[in-house]
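A short worksheet on the structure shown next.
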Amino acid sequence: MNKPLILVVEDDSSVRNLIAATLKANEYNFITAASGKEGASQAATRSPDIILLDLGLPDMDGVEVIKQVRGWAITPIIVISARSDDTDKIAALDAGADDYLTKPFSVEELLARIRATQRRLAYSNNASSSSVFENGGLKIDYAAGCVFLDGEELHLTSIEYKLLCLLAQNVGKVLTHKFITQNVWGSCWDNDIASLRVFMATLRKKLESADSEKQYIQTHIGVGYRMVRL
Ligand code: CA
């Protein structure tokens, strides 16, 4: 796999230096920016493959940077946030971020997120026109509307099927409750989020009953769900 060019947008020089040293030690190509304005401009002129973006920037909110970048590019954005407040992560994900890391994070965690993003990029470059989705023992035949788990057909309700397809189409990406309910029900009331929890619980039970070792869907408490690429 080619090493991607990573743009690091972080105003705190100690964190920026730590990330830079980690990327360098792992032979990644990278560029850095210390403000939101500089980050957005580097994103436009250097076309990075992945953006690591701090949310708390001196000149503008990181969420604004995401909105600007999303105006012209689908570059994966991993948000780095010191804030433990879920609303910031949710705002970033809803604005188009792909994943998040909460400070303090370990170097291993950072590298794991970058590798997961690289795998997702490689996958989406190959699979965009495919009518069959496969992940571990899970197979979705979109044309037939059938789902198989370890070769056995799974019987899903229409809402469970819609949820599974939405997660599969965004495999590797954290989807917020709001994003999911808007796509499945077309609305986002508190009742929809309560229903989502129930449907997700039954879907997970069906997916994980056959082989409890494999966990296809991760819960991000207070934020949303992600299908893991196995
Ligand atoms: Ca900061």
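The values are calculated or read from the model by the stated rules, or taken from the named source; none is laboratory data. Remember, predicted model here, so these are calculated numbers, not experimental data. Note that we place each Cβ from the backbone using ideal geometry, even for glycine, and neighbour counts take in every protein chain shown. Ligands, DNA and RNA are excluded from the accessible area calculation, which covers all protein heavy atoms including side chains. Shrake-Rupley method; radii C 1.70, N 1.55, O 1.52, S 1.80 Å.
What the table below lists for this structure:
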{"item": "Among (1) free of Cβ contacts under 8 Å to residues at least 40 places away in the same chain; (2) within 16 Å of the ligand (Cβ to nearest atom); (3) among the hydrophobic types (A, V, I, L, M, F, W, C); (4) over 18 Å from Q218 (Cβ atoms) - the single one I80 does not satisfy", "result": "(1)"}
{"item": "Residue that is in contact with a helix residue (DSSP H, G or I) (Cβ under 6 Å, 6 or more places away or on another chain) and β-branched (V, I, T), where the choices are T176, T157, T202, T219", "result": "T176"}
{"item": "Failed item in (1) surrounded by 14 or more Cβ atoms within 10 Å (Cβ to Cβ); (2) over 22 Å from G222 (Cβ atoms); (3) among the acidic types (D, E); (4) free of Cβ contacts under 8 Å to residues at least 40 places away in the same chain, with D61 passing the rest", "result": "(2)"}
{"item": "From K139, K178, residue being under 22 Å from D88 (Cα atoms) and either part of a loop (DSSP other than H, G, I, E, B) or basic (K, R) (or both)", "result": "K178"}
{"item": "Output for the range 1-49, where each listed residue is crowded, with 18+ Cβ neighbours inside 10 Å, among the polar types (S, T, N, Q) and within 16 Å of the ligand (Cβ to nearest atom)", "result": "T32"}
{"item": "Check on L101, under 18 Å from the mean Cα position of the chain (by Cα) and either away from the ligand (no atom under 14 Å from the Cβ) or not assigned by TED's automatic domain parsing to the domain that holds T176 (or both)", "result": "yes"}
{"item": "Selection count where residues are free of Cβ contacts under 8 Å to residues at least 40 places away in the same chain and touching a helix residue (DSSP H, G or I) at 6+ places or on another chain (Cβ under 6 Å), scope the range 1-30", "result": "1"}
{"item": "Qualifying residue in the range 142-159 (condition: in the same structural domain as T219 (by TED's automatic domain parsing), more than 20 Å from the chain's Cα centre (by Cα) and assigned to a helix (DSSP H, G or I))", "result": "yes"}
{"item": "Those residues of the range 198-217 which are without any contact (Cβ under 8 Å) to a residue 60 or more places away in the chain and surrounded by 13 or more Cβ atoms within 10 Å (Cβ to Cβ), in sequence order", "result": "F199, M200, T202, L203, R204, K206, E208, Q215, I217"}
{"item": "Qualifying residue in the range 135-156 (condition: open to solvent by 10 Å² or more (accessible area, probe 1.4 Å) and β-branched (V, I, T))", "result": "no"}
{"item": "Hits in the range 50-74 - residues which are away from the ligand (no atom under 16 Å from the Cβ) and closer than 12 Å to V9 by Cβ", "result": "I50, Q68, V69"}
